[in-house]
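S.K.: One structure, pasted below without further comment.
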Amino acid sequence: MKIGIVCYPTFGGSGVVATELGKALAARGHQIHFVTYNQPVRLDFFSENLFYHEVAVSKYPLFEYPPYELALASRLVDVVRFEKLDVLHVHYAIPHASAAFMAKQILATYGIHIPVITTLHGTDITLVGKDRTYQPVVTFSINQSDGVTSVSEHLKQDTYNFFPEVTKDIKVIPNFIDLERFNQKPKGHFKKAIAPEGEKILVHASNFRRVKRVNDVVRIFAEVNKQVPSKLLMVGDGQDRAEAEQLARDLGVNGSVRFLGKQDAVEEILSVSDLFLMPSQSESFGLAALEAMACQVPVISSNTGGLPELNVDGVTGYLKDVGDVQGMAEKAVYILQDENRLNQFKTNALARAQTFTLANIMPVYESLYEEIIAGSKSV
């Protein structure tokens with residue numbers, strides 16, 4: 001199959017999932033065409049089946065905000081026509097689904113009928129999408145898609161709740177993990193450098209947006225560190241980093257906290273970690289938590305969104321209410337204080353991650369592509 005993939009080319013979950021899916025599909029012999037404004041961060045190697053088409057946005061003085069949606073739609077028309085694509089798979093509803101619909105209508109004037117699959121990832125529905133400014137367009141774009149998927153059952157229900165006029169059937173296909181990349185690697189020397197006195201290592205990875213509650217991460221760590229000598233690794237960057245750094249100083253734990261910024265080889269950091277903290281306000285799935293679990297790192301998380309579908313309370317970690325810093329800290333201490341208990345949680349985390357392997361999830365996408373393509377040809 002010739003598949004066009006539209007995504008945001010950033011470290012965010014939707015872009016990572018789209019890129020990893022495309023790479024895996026290419027490895028299975030499909031021809032994959034990425035269409036976006038920058039090369040995706042994980043599209044970092046050459047393959048004869050991988051192609052990248054940049055969306056160039058002209059900056060005329062007339063436009064205060066460059067019309068990216070129009071530029072994307074035009075680029076999609078061009079790529080579909082000349083690369084003879086079979087299907088478009090757009091990740092994140094805004095503005096990709098509406099741009100794909102526009103492209104589909106234009107292509108129809110050339111006698112080309114291209115089916116569109118839209119994957120909903122989270123904040124495109126729960127945050128941006130439910131803004132009244134975008135609601136009619138998001139609703140229309142979802143209903144006009146030939147296929148719609150969401151990364152969790154919770155996000156599927158949120159979509160129907162926030163967009164009551166959505167009538168399209170939504171298929172749940174969870175996020176996945178590449179266990180060839182995400183596994184516990186022998187990094188004992190790295191761990192010794194970070195925790196020379198044998199301290200436990202806690203880790204958090206995100207884009208440091210408000211919804212990730214990174215200040216709660218620091219507060220949880222401060223409580224844990226009172227009882228269990230520990231270090232905290234903060235992976236990522238974003239608007240709340242400076243505030244979190246100041247909070248670490250205010251709580252007197254800055255000497256035990258390292259802000260590492262954006263990291264490509266996050267699996268190496270996870271490999272030396274003992275516990276992953278994800279106290280988010282909202283998570284449609286929790287891809288970063290799944291990556292941690294694949295590296296045998298149990299998870300302390302909030303019980304919001306799709307996280308209960310991934311993190312099994314009392315088995316792979318613990319779930320607590322959003323904002324329950326004390327409760328999360330207590331569960332973290334409970335896991336870390338007993339080495340045998342910690343090892344059992346690590347074993348459980350890996351076993352759970354293995355149910356979300358790329359090998360299990362990718363055939364579901366392939367089957368969906370074939371179904372949607374066949375349906376479009378029969379119209």
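S.K.: Are there any pairs with C-beta distances below 6 angstrom linking a residue in the stretch 223-251 that is closer than 11 Å to LEU202 by Cβ and at pLDDT 95 or above to a residue that is crowded, with 18+ Cβ neighbours inside 10 Å and of a type in the set (Lys, Arg), with the two at least 6 apart or on different chains, and if so which?
M.R.: Here the result reads VAL228/LYS200; SER230/LYS200, each pair linking the stretch 223-251 to a residue that is crowded, with 18+ Cβ neighbours inside 10 Å and of a type in the set (Lys, Arg).
S.K.: Among GLY4, GLY22, which is crowded, with 21+ Cβ neighbours inside 10 Å and part of a strand (DSSP E or B)?
M.R.: Values: GLY22 fails: part of a strand (DSSP E or B).
Only one candidate passes the filter, namely GLY4.
S.K.: Do we find a residue being in contact with a helix residue (DSSP H, G or I) (Cβ under 6 Å, 6 or more places away or on another chain), charged (D, E, K, R), in contact (Cβ under 8 Å) with a residue 12 or more places away in the chain and in a helix (DSSP H, G or I) anywhere in the stretch 105-125?
M.R.: So far as the stretch 105-125 goes, yes, one or more of its residues are in contact with a helix residue (DSSP H, G or I) (Cβ under 6 Å, 6 or more places away or on another chain), charged (D, E, K, R), in contact (Cβ under 8 Å) with a residue 12 or more places away in the chain and in a helix (DSSP H, G or I).
S.K.: Another question, then. Do you know which residues across the stretch 260-292 are at pLDDT 90 or above and hydroxyl-bearing (Ser, Thr, Tyr)?
M.R.: Within the stretch 260-292, SER271, SER273, SER280 meet the criteria.
S.K.: Test THR304 against the stated conditions and say whether it is within 18 Å of the chain's Cα centre (by Cα) and of a type in the set (Val, Ile, Thr). Talk me through it step by step, then tell me what you get.
M.R.: Values: within 18 Å of the chain's Cα centre (by Cα): yes; of a type in the set (Val, Ile, Thr): yes.
Against the criterion (within 18 Å of the chain's Cα centre (by Cα) and of a type in the set (Val, Ile, Thr)), THR304 qualifies.
S.K.: Turning to a different aspect of this structure: So, in the stretch 31-84, exactly how many residues are modelled with pLDDT of 90 or more, over 15 Å from CYS7 (Cβ atoms) and of a type in the set (Val, Ile, Thr)?
M.R.: Summing the residues that are modelled with pLDDT of 90 or more, over 15 Å from CYS7 (Cβ atoms) and of a type in the set (Val, Ile, Thr) in the stretch 31-84 gives 2.
S.K.: Is there a residue being among the polar types (S, T, N, Q), farther than 16 Å from ILE373 by Cα and without any contact (Cβ under 8 Å) to a residue 24 or more places away in the chain anywhere in the stretch 142-149?
M.R.: Going through the stretch 142-149, the residues among the polar types (S, T, N, Q) turn out to be 143-145, 149.
Now drop any that are not farther than 16 Å from ILE373 by Cα, which leaves 143.
With without any contact (Cβ under 8 Å) to a residue 24 or more places away in the chain added as a condition, the list becomes none.
No, because not a single residue in the stretch 142-149 is among the polar types (S, T, N, Q), farther than 16 Å from ILE373 by Cα and without any contact (Cβ under 8 Å) to a residue 24 or more places away in the chain.
S.K.: Same structure again: Inside the stretch 324-341, can you point out the residues that are out of contact with any strand residue (DSSP E or B) (no Cβ under 6 Å at 6 or more places or on another chain) and either acidic (Asp, Glu) or surrounded by 14 or more Cβ atoms within 10 Å (Cβ to Cβ) (or both)? Spell out the reasoning first.
M.R.: Taking the stretch 324-341 as the starting set, the residues that turn out to be out of contact with any strand residue (DSSP E or B) (no Cβ under 6 Å at 6 or more places or on another chain) are 324-326, 329-330, 333-335, 337-341.
ASP324, VAL325, ALA329, GLU330, VAL333, TYR334, ILE335, ASP338, GLU339, listed by residue number.
S.K.: Within the stretch 205-214, is even one residue aliphatic (A, V, I, L, M), assigned by TED's automatic domain parsing to the domain that holds GLY317 and out of contact with any strand residue (DSSP E or B) (no Cβ under 6 Å at 6 or more places or on another chain)?
M.R.: Initial filter on the stretch 205-214 (aliphatic (A, V, I, L, M)): 205, 211, 214.
This time we only want the ones that are assigned by TED's automatic domain parsing to the domain that holds GLY317, so: 205, 211, 214.
Checking which are out of contact with any strand residue (DSSP E or B) (no Cβ under 6 Å at 6 or more places or on another chain) leaves us with 211, 214.
Scanning the stretch 205-214, I find at least one residue that is aliphatic (A, V, I, L, M), assigned by TED's automatic domain parsing to the domain that holds GLY317 and out of contact with any strand residue (DSSP E or B) (no Cβ under 6 Å at 6 or more places or on another chain), so the answer is yes.
S.K.: Need the failing condition index for TYR92 against (1) of a type in the set (Phe, Trp, Tyr); (2) touching a strand residue (DSSP E or B) at 6+ places or on another chain (Cβ under 9 Å); (3) surrounded by fewer than 23 Cβ atoms within 10 Å (Cβ to Cβ), just the number.
M.R.: Tallying (1) of a type in the set (Phe, Trp, Tyr); (2) touching a strand residue (DSSP E or B) at 6+ places or on another chain (Cβ under 9 Å); (3) surrounded by fewer than 23 Cβ atoms within 10 Å (Cβ to Cβ), TYR92 fails exactly one: (3).
S.K.: Still on this model: Do you know which of the residues in the stretch 322-379 that are at pLDDT 95 or above and not in a helix (DSSP H, G or I) is nearest to the chain's Cα centre (by Cα)?
M.R.: VAL322
S.K.: Sticking with this one: Kindly provide the set of residues from the stretch 293-321 that are part of a strand (DSSP E or B) and among the polar types (S, T, N, Q), ordered by number.
M.R.: Just the residues of the stretch 293-321 that are part of a strand (DSSP E or B), to begin with: 299-302, 313, 317-320.
The answer is SER301, SER302.
S.K.: Ok, one more. Testing GLU180 on (1) out of contact with any Phe, Trp or Tyr (no Cβ under 6 Å at 6 or more places or on another chain); (2) at pLDDT 90 or above; (3) not assigned by TED's automatic domain parsing to the domain that holds HIS113, one condition comes back false. Which one is that?
M.R.: Failing condition for GLU180: (2).
S.K.: For a quick check of your reading of the model, give me the residue pairs whose first member lies in the stretch 71-94 and is on the phi > 0 side of the Ramachandran plot, whose second is not charged (D, E, K, R), with beta-carbon atoms closer than 7 Å and at least 6 apart or on different chains.
M.R.: Hits for this filter: TYR92/CYS7; TYR92/TYR8; TYR92/SER14; TYR92/HIS121.
S.K.: Going by what's in this entry, would SER14 be described as in contact with a strand residue (DSSP E or B) (Cβ under 6 Å, 6 or more places away or on another chain), within 23 Å of LYS171 (Cα to Cα) and either surrounded by fewer than 13 Cβ atoms within 10 Å (Cβ to Cβ) or in contact (Cβ under 8 Å) with a residue 24 or more places away in the chain (or both)? Steps first, answer last, please.
M.R.: Working: in contact with a strand residue (DSSP E or B) (Cβ under 6 Å, 6 or more places away or on another chain): yes; within 23 Å of LYS171 (Cα to Cα): yes; either surrounded by fewer than 13 Cβ atoms within 10 Å (Cβ to Cβ) or in contact (Cβ under 8 Å) with a residue 24 or more places away in the chain (or both): yes.
Considered against the rule, which asks whether it is in contact with a strand residue (DSSP E or B) (Cβ under 6 Å, 6 or more places away or on another chain), within 23 Å of LYS171 (Cα to Cα) and either surrounded by fewer than 13 Cβ atoms within 10 Å (Cβ to Cβ) or in contact (Cβ under 8 Å) with a residue 24 or more places away in the chain (or both), SER14 comes out as yes.
The values are calculated or read from the model by the stated rules, or taken from the named source; none is laboratory data. Since the model is a prediction, treat every value here as computed from it, not as a measurement. Neighbour counts run over all protein chains shown; Cβ positions are idealised from the backbone, glycine included.
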